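**Q** Quick one: the structure is below, and I'll ask about it shortly.
The values are calculated or read from the model by the stated rules, or taken from the named source; none is laboratory data. If you're wondering where the values come from, they're calculated on a predicted model, not measured in any experiment. Glycine also receives a Cβ, built like all others from the backbone with ideal geometry; neighbour counts cover every protein chain displayed. Protein only, heavy atoms only, side chains kept; ligands, DNA and RNA dropped before computing areas. Shrake-Rupley method; radii C 1.70, N 1.55, O 1.52, S 1.80 Å.
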Amino acid sequence: MDPVKWMVGIGFWVQGFRCFPWLGVNFFLKDALGVPPSSLQLLQNSANLPMVAKPLYGLLSDSVPIHGQRRLPYVAIGAVLQAISWLAIGWSGSAISLPALTFFLLLSNLGASIAEVANDAIVAEVGKYQKQSSITSSGQLQSFAWMLGSSAGALGNLLGGIAISSNLSPKLMFLYYGALLIFQFFILICVSEKSLNLPTPNNKLKSSSTGSGFSKQLSELSVALRRPDISRLLIWFFASYAVTPLLLGTMFFYQTEYLNLDSSIIGLSKVIGQAALLIWSIVYDKYFKRASPRKVLSTLQLATAVIMLSDVLFVQGIYRGFGIPDWVYVLIFSGLAEVAVFIKVLPFSVLVAKLCPPGCEGSIMAFVMSTLALATIVSGYFGVALASFFEVSENDFSNLPICILIEAGCTMLPLLGSSWISEGKIAEKKKE
C-alpha cells in the first residue's frame, strides 16, 4: 500500500476509534458522577473548545517544521496529549472530580485537534500536488480516510456498547484507548516523513525564520479567506450547524432513562450511524464526487431535517402505535440522526480542498474544522437553552417533541442561502 495511505489510514483510524472512550464518558457522567442532561451536553460541547483553535495548529504545522518535518511530529504530539488525558482519567476512575475530568477532556481534544489538523493537511496537499501518483485526487484520499475513520468509529461504538452492557468499567475503556495512542506514538517516531515523499510547495519557507514563516503563512491564509468563493462557503457551512439546536444529550437521557434501553442498543445504534458514514464515503467517491457541490450539500441538509422530523413521530409514540418497538427505531434511526448532521463534511472538505490556494492546505483545512467545531459548540449551547426553555429534564420529556420540531425547522433555514455554495468548477477554470 502507498506509505501515505498507511500513515493517513492509521491516523484517521485511531481518531475514529475515539468513539470507544467517548461512549464510556457518556455513561460515566450519567451513572458514576450523576450529571443531568443539560450539564452533560454542556460538558460535551465545552470539551470541544480546543477544536476552535485549529487554524493556529494549521499555521504551526505549515510554517514551523520540527526536525525538518511538518506533519508527522504534530500527529505524534497529538497522540501523546491524548494518551496522557485518557490514562489519567482511567487511573483516577470515579474518584476524579468534575473539574479535573473537564480539564483532561479538554487536553484530550487539544491533542486530537493537533493530530487531525496534520492528517487533514497531508490529505489536502497530497491530493493537490501528487497528481501523477496512485492517489489521483484529494477526493479519493479523503474518501479513503473517511472509510477508515468510519470503520473505526463503528468498531469503537460496537465494542463500547458490548463493554458497557457487560459491566466493563468505563475507566478500563479509557485505559485501553490510552494504550492504543501510545502504540501509535511509537509507530510515528519510527517513521521518517521523507519516506512519505510529501510535497514541499513552499521552498522559501525552509530558509526563512520561524517568525517570518509564520507571518507569511498567516498572510496567505488571510488572502485565501478574503476570496468570495471561500468566505461565503465558510459562512454557509458555519450557519448550517450554528442555527440548529442539537439535542444529543437530551436524547441520550430519553433513550437510557425514560425508555430504559440497554447500553448495547445505544452502542449498536451508533455502529449503524458509523456504518452509514462508511457507506456514504464509498457512494460519494463513486457517484457524487463530480456532481454539483451545491446540489449535494443542499440535499444532505434537507435529508437531515427529514430525519429529525422522524424523531418527532418517534417521541410521540406514532411508530410504537404501528407496532415498531422503541429499541428497533433507536437501533436503526438514532445513529443515523446523530451522524446526519456531519455527513456533509466529506463533500464540503473535498470542495474546500479544490478551492484552497497552494501552500496553505493545512491552514485552510484547519480553519474549516475550526469553523465546524465552533458551530457545533454554538449548536450544542443552543440545544441546552432550547431544552431549558421548554423545561425538558431527566424527569420530564413531555415537551421534547416541540424541541425536536424546532430543531428540524432550524435545520432547513440554511437552504435559503444555498446560492453561497461555490460549484468548484468555476474556481478551477480561473486557476487554469
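**Q** Among the listed residues V117, V126, identify the single one that is at pLDDT below 80 and either in a helix (DSSP H, G or I) or open to solvent by less than 20 Å² (accessible area, probe 1.4 Å) (or both).
**A** Result: V126 is the single residue among V117, V126 that is at pLDDT below 80 and either in a helix (DSSP H, G or I) or open to solvent by less than 20 Å² (accessible area, probe 1.4 Å) (or both).
**Q** Given the options Y241, Y258, name the one that is modelled with pLDDT of 85 or more, over 24 Å from the mean Cα position of the chain (by Cα) and under 30 Å from N395 (Cβ atoms). Before the answer, list the steps.
**A** Working: Y241 fails: over 24 Å from the mean Cα position of the chain (by Cα).
On inspection, the qualifying residue turns out to be Y258.
**Q** Whether any residue in region 18-32 is under 30 Å from F397 (Cα atoms), open to solvent by less than 40 Å² (accessible area, probe 1.4 Å) and basic (K, R) is what I want to check.
**A** Yes, there is a match, as at least one residue in region 18-32 is under 30 Å from F397 (Cα atoms), open to solvent by less than 40 Å² (accessible area, probe 1.4 Å) and basic (K, R).
**Q** Which of the residues that make up region 291-327 are within 14 Å of L413 (Cα to Cα) and surrounded by fewer than 18 Cβ atoms within 10 Å (Cβ to Cβ)?
**A** Once the filter is applied, which keeps residues that are within 14 Å of L413 (Cα to Cα) and surrounded by fewer than 18 Cβ atoms within 10 Å (Cβ to Cβ), region 291-327 yields T299, L302, A303, V306.
**Q** Please list, ordered by residue number, the helices (runs of 4 or more DSSP H) wholly in region 49-110 having 1 or more residues that are among the small types (G, A, S) and surrounded by fewer than 24 Cβ atoms within 10 Å (Cβ to Cβ).
**A** Working: elements: 49-52, 54-63, 72-92.
Ranges flagged: 72-92.
**Q** Quickly run through region 36-45 and pick out the residues that are at pLDDT below 85 and assigned to a helix (DSSP H, G or I).
**A** P37, S38, S39, L40, Q41, L42, Q44, N45
**Q** Give region 373-395 a look and list any residue that's in contact (Cβ under 8 Å) with a residue 24 or more places away in the chain and not in a helix (DSSP H, G or I), or say none. Talk me through it step by step, then tell me what you get.
**A** Initially, region 373-395 is screened for residues in contact (Cβ under 8 Å) with a residue 24 or more places away in the chain, giving 373-388, 392-394.
Of everything in region 373-395, those that are in contact (Cβ under 8 Å) with a residue 24 or more places away in the chain and not in a helix (DSSP H, G or I) turn out to be V392, S393, E394.
**Q** Can you name the residue in region 33-45 that is touching a Phe, Trp or Tyr at 6+ places or on another chain (Cβ under 9 Å) and open to solvent by 30 Å² or more (accessible area, probe 1.4 Å) and, of all such residues, is farthest from S165 (Cα to Cα)?
**A** Going through the qualifying residues, I end up with L42.
**Q** A further question on this structure: Checking L355 against (1) open to solvent by less than 10 Å² (accessible area, probe 1.4 Å); (2) closer than 23 Å to K30 by Cα, which single condition isn't satisfied?
**A** Exception for L355: condition (2).
**Q** Please name all residue pairs, on different chains or six or more residues apart, with Cβ atoms under 7 Å, provided the first residue is in region 150-176 and is open to solvent by less than 10 Å² (accessible area, probe 1.4 Å) and of a type in the set (D, E) and the second residue is part of a helix (DSSP H, G or I) and at pLDDT 80 or above.
**A** Matching pairs, first to second residue: none at all.
**Q** Residues of region 223-263 being of a type in the set (S, T, Y), part of a helix (DSSP H, G or I) and open to solvent by less than 20 Å² (accessible area, probe 1.4 Å), which ones?
**A** Answer for region 223-263, where residues must be of a type in the set (S, T, Y), part of a helix (DSSP H, G or I) and open to solvent by less than 20 Å² (accessible area, probe 1.4 Å): S240, Y241, T250, Y254, T256, S263.
**Q** Separate question: Given the criteria in contact with a helix residue (DSSP H, G or I) (Cβ under 9 Å, 6 or more places away or on another chain) and not in a helix (DSSP H, G or I), does A291 qualify?
**A** For A291, the condition - in contact with a helix residue (DSSP H, G or I) (Cβ under 9 Å, 6 or more places away or on another chain) and not in a helix (DSSP H, G or I) - is met.
**Q** Based on what the data block shows, is I266 open to solvent by 10 Å² or more (accessible area, probe 1.4 Å) and under 22 Å from the mean Cα position of the chain (by Cα)?
**A** no
**Q** Considering only residues that are touching a helix residue (DSSP H, G or I) at 6+ places or on another chain (Cβ under 7 Å) and at pLDDT below 90, which ones fall in region 217-232?
**A** Across region 217-232, the qualifying residues are Q217, L218, L221, A224, L225, D229, I230, S231.
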